[in-house]
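No value in this document is a laboratory result; all are computed from the given coordinates. The structure presented is a predicted model; accordingly, all values stated were derived computationally and were not measured. Cβ placement follows ideal geometry from the backbone for every residue including glycine, while neighbour counts extend to all protein chains displayed.
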Amino acid sequence: MLAEREREIYGSSGRWNKEEQEMPHSGGGGSHSGGSHSSSSHSSGGSHYSGRSGGGSGSSRRTSFSPFPGSTRYLYYKDRTPHFVYANYDIRKKNVLSTVLGIVIFSAFMIPALFSLIYGLRGAIDVPKRLTYFEDKGKRPDYLIEDDLGVLEDEKALKKTMKEFYETTGVVPAVITVENSAWQDDYVKMEQYAYDQYVNRFHSAEVYLLIVYSSENKDNGFDDWHYELMLGDDTVHIFTSKRTRDFNEALNKRLLDRGEYSVDEAISETLNEFRPKVMKTSVNTSSIILWVFVFFIFSIVGLPFLIVGLKPEKIPPEYKNAQPCNLTMVYQEACNFCGGVYIIGMHTSCPYCGAAITPHQYVRDEQGNVVQLIK
Ligand SMILES: [Zn+2]
């Protein structure tokens, strides 16, 4: 069991792995040399989108006055005369593909951006809820105080504070004091020792705040003290990374002021100070700004695709009644009624005024094309 855990803790590289899920994590620590350190941070996570070049603007639409591969000849009338244009698309219809493509590309940007924003905002707002681990199990927590150093002056008062802290937060404080040799002999860092103490004592109960204090009185009377916080993972909404940092700093400050506080007083005072604070809703403003900014960037990149796609496309009015025209021989004639010129063989009535067209006799090929006008 322990071997199994150790493998997880140290990882394949043999290094201390702080990012394990569902494992206690360090809340930092400090020492007489001044300054507390915070080691773990809850990363708010995120997604990466690798930029992909879009599928282009589809097959490009092209018109020309001379034929090109893939083109169809269209006949249209303008200024009372027939005109021909070659196009590789139906010149009478709007380009639906570019609209669809614009919407698709825009959505491809905005849907993940929107989900990221929601995910990010949810992560940026922490509403702490009292942990009910022990109530759920129908048990009461033990308040662990183990003073190997004999530095705790009033264990009763400390236990009372720990109990009050638990009742408000559901987080169970635990305090152990050890000789420096307890961890310095076998561990590279005190953090690892504290981690092992947590796992060995509380197993998978991720609701503890373990404070390990260590010291050793050297001959010259120099107090070489250290401490380390170890937090169960279920405490993350109560001990957010900022609050853990603040708690750590407050504790470190009191421990440095040994004239004012004993070790247990420093711990008690800090627990009392943070008991109401840790249950307040916290808003990570910088995280919100970051996610909104990311969303904004995605919008800026995605929006042009939508604008281009939805851009109202004007079909020239003369194209609206255009017809594909495959005639190999083209004969034209003026309407008797309005004088407009049209192509023979393409109409049963005048394309300008709708008047009946004088019947003609022509020779057609197998495809029905007029190849020769007889009369
Ligand atoms: Zn006419």
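Some points to look at:
- Candidate lysines for bridging to K189, where Cα separation is under 25 Å - those fewer than 8 sequence places away on the same chain excluded: K18, K218, K242, K253
- Added length on full extension, which subtracts the Cα-Cα distance from 0.36 nm per residue, D79 to N321: 85.7 nm
- Helical segments meeting 24 Å axial Cα length and Kyte-Doolittle 0.5 threshold in the chain (DSSP H): 96-124, 285-310
- Cβ-defined net charge surrounding Y193, 11 Å radius [Lys, Arg +1; Asp, Glu -1]: -4
- Summarising the overall dimensions of segment 318-374 from its C-alpha atoms, the Rg and Dmax are 11.5, 33 angstrom.
- Partnerless Cys - the chain, beta-carbon criterion under 4.7 Å: C325
- In straight-distance terms, cross-link reach from K156 covers every one of the aspartates and glutamates whose alpha-carbon lies under 20 Å from its own, apart from those fewer than eight places away in the same chain; here that gives D142, E146, D147, D148, E164, E167, E260, D264, E265, E269, E273.
- The three principal axes of the Cα atoms in the chain give end-to-end lengths of 128, 41, 40 Å, sorted in falling order.
- Counting only DSSP H runs of at least 4 residues, each contributing -39500 (n - 2.57), and dividing by the residue count of the chain, the helix-based mean residue ellipticity at 222 nm comes to -11500 deg cm²/dmol.
- Relative packing of peptides 172-184, 331-343 - highest average C-beta neighbours within 10 Å first: 172-184, 331-343
- Taking all Cα pairs closer than 8 Å and separated by 6 or more residues, the relative contact order of the chain comes to 24 percent.
- The label-point distance for K189 and R201, in a model that sets each label 7 Å from Cα toward Cβ, rounds to 2.0 nm.
- Top of S98, S60, S299 by mean-square fluctuation, Gaussian network on the chain, Cα under 10 Å: S60
- Taking 1.567 mPa s as the viscosity and 4 °C as the temperature, the Stokes-Einstein diffusion coefficient of segment 97-256 based on its alpha-carbon Kirkwood radius rounds to 69 µm²/s.
- Spin-label model, V151 to L290: label points 7 Å out along the Cα-to-beta-carbon direction sit 3.5 nm apart.
- Largest GNM mean-square fluctuation among D148, D196, D233, using the chain with Cα springs under 10 Å: D148.
- The distance linking segment 74-129 with segment 249-312 is 38 Å (Cα centroid to Cα centroid, whole angstrom).
- Using only alpha carbons, segment 252-357 has a radius of gyration to Kirkwood radius ratio (Rg to Rh) of 1.79.
- Structure remark: mean-square fluctuation, Gaussian network model of the chain, C-alpha springs under 10 Å; the largest value among V100, V171, V292 belongs to V100.
- Full-extension gain in nm, T358 to I118, via 0.36 nm per residue minus C-alpha separation: 79.3 nm
- Options I300, N336, L310, ranked by Cα towards positive dipole end of segment 267-375, top entry (Cβ charges): I300
- Cβ-based net charge around T99, under 9 Å, with every Lys or Arg adding one and every Asp or Glu removing one: +1
- Two-site FRET efficiency, K129 against F222, from Cβ-Cβ distance with R₀ of 51 Å, rounded to 0.05: 0.70
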